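Asker: My structure is below; once you've seen it, I'll send some questions.
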Amino acid sequence: MVSIEQKRAALHEKLQLLRSITNSHALNKSSIIIDASKYIEKLKQKVERLNQEIASAPETSSDRNPLPMVSVETLEKGFLINVFSAKGCPGLLVSILEVFEEMGLIVLEARVSCTDNFRFQAVGGENEEQGETIDAQVVKQAVGQAIKNWSESADRE
C-alpha cells in the first residue's frame, strides 16, 4: 500500500517537472498550475499562428517533398524537441532516437504520431553523468543531420 508521504513525494515530483517544462518560477502548487495553464494557452496560440502561416504560404515544388521541420526549445532541465513532416516517414523515429543516444540525451517524455504525417515531440534531459552541458542549437543540428541522413538513405531505397 502506498503511504501518504509517497503520494505527496510523487505529486511534488510531478509538480516540479511541470514547473520545469513550463519554465515557471512559482513555488506553490496553484501558481505552478496557473503558469502551466498560461503556457498551454501560449502554445495553442503558437500552433494557430503556425497553421495560419502554413495555410497562407504559397506552395512551391520543394514543398511537395519537404524534409521534416525541427524546433528545439531550452527548458530548465533539458529540451523540448519537436519534429513535424506533412507525410509519413518510416524509420525516422529510430534515426532521431539514435542521435539522442549518441548525444547522451535521456528521453523523459515523448509523443509520436506516424499515421498520415509524422509528429514527434519529446522532452529530453541531459545525462548528468556526462558532465557536459549541451546547447539547444547543437541538439537541433544533430536532429537535423539525423533527418538528412535518414532522407538520403530513404532516397537510395
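Asker: Would you point out the residue of the range 13-28, among those that are surrounded by 12 or more Cβ atoms within 10 Å (Cβ to Cβ) and aliphatic (A, V, I, L, M), that is farthest from residue 109 (Cα to Cα)? So that I can check it myself, show each step before the final result.
Answerer: As a first pass, look at the range 13-28 and keep what is surrounded by 12 or more Cβ atoms within 10 Å (Cβ to Cβ): 15-24, 26.
Okay, now just the ones that are also aliphatic (A, V, I, L, M), so 15, 17-18, 21, 26.
Numbers: 15: 15, 17: 11, 18: 12, 21: 11, 26: 22 Å.
Step by step, filter the range 13-28, then rank; the result is 26.
Asker: Can we say residue 31 is farther than 30 Å from residue 152 by Cβ, open to solvent by 50 Å² or more (accessible area, probe 1.4 Å), free of Cβ contacts under 8 Å to residues at least 12 places away in the same chain and over 14 Å from the mean Cα position of the chain (by Cα)?
Answerer: The answer is no for residue 31.
The values are calculated or read from the model by the stated rules, or taken from the named source; none is laboratory data. For clarity, every value in this text was computed on a predicted model and none was experimentally measured. Note that each Cβ is placed from the backbone with ideal geometry, even for glycine, and that neighbours are counted across all protein chains shown. Accessible surface areas use protein heavy atoms only, side chains included; no ligands, DNA or RNA. Shrake-Rupley method; radii C 1.70, N 1.55, O 1.52, S 1.80 Å.
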